[in-house]
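Encoded as structure tokens, the structure appears first; notes follow it.
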């Protein structure tokens, strides 16, 4: 299996080097950013980033702003680093979808252990490519092939199809889909999911029939 890539964003060069050295020693690839704008630029230009380590206090854009931008498009695991130990900061971080919260100073060994645990929990170490019913989904390459031909999916459509395939044969409620793909609790109508499913089915052609509607509940993927 290829080495997983981690984005480390911190304005302190010494801290980035410390984290990078420990990650490289543990067979991770590392991308570095010295401020919030650079972090977003590198994240959105590199589809292979498996996890993000963000410092809260950074120039140009702080860690919270970077986290919000990433979460608007991706469920990639995020670890926040902060020099402050403030319960309000921790609560804000978890509200934004942060997976882990570490206060400086910290042991780099502990950080690497947390990164490893999160990646195992989120299935990043699982097989990167899945083939089923004429569909090939490659998570690392962020690519979907239908009968060998690539199709263009948005980030959310890709995550939605990936979630369906991972849970194939399981009846999925709209609430469960939103909590796992959109990463928030849903209190409105069902149009958000239904609109994305309609577009996804259309792009999948005949294979769109694999996504079955369960009336009054949600959807189920059956190939």
Check: All but one of (1) assigned to a loop (DSSP other than H, G, I, E, B); (2) surrounded by 22 or more Cβ atoms within 10 Å (Cβ to Cβ) hold for residue 47; which doesn't?
Finding: (2)
Next item on the list: Starting from residues that are under 25 Å from the mean Cα position of the chain (by Cα) and without any contact (Cβ under 8 Å) to a residue 24 or more places away in the chain, keep the ones in region 193-211 and report whichever is farthest from residue 176 (Cα to Cα).
Entry: 202
Item checked: Restricting region 57-72 to residues that are assigned to a helix (DSSP H, G or I) and touching a strand residue (DSSP E or B) at 6+ places or on another chain (Cβ under 7 Å), the residue that is modelled with the lowest pLDDT -> 63
Check: Looking at region 201-223, is at least one residue closer than 27 Å to residue 68 by Cβ, modelled with pLDDT of 85 or more, buried (at least 17 other Cβ atoms within 10 Å of the Cβ) and not assigned by TED's automatic domain parsing to the domain that holds residue 49?
Finding: no
Next item on the list: May I ask you to list the residues in region 3-17 that are over 17 Å from residue 113 (Cα atoms), assigned to a loop (DSSP other than H, G, I, E, B) and in contact with a helix residue (DSSP H, G or I) (Cβ under 7 Å, 6 or more places away or on another chain)?
Entry: 10
Note to self: Restricting to region 105-140, count the residues that are modelled with pLDDT of 85 or more, surrounded by 12 or more Cβ atoms within 10 Å (Cβ to Cβ), on the phi < 0 side of the Ramachandran plot and assigned to a loop (DSSP other than H, G, I, E, B).
What the structure shows: 1
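The values are calculated or read from the model by the stated rules, or taken from the named source; none is laboratory data. Nothing here was measured: the structure is a model prediction, and the numbers come from that model. Don't worry about glycine lacking a Cβ; one is built from the backbone with ideal geometry, like all the others, and counts go over all protein chains shown.
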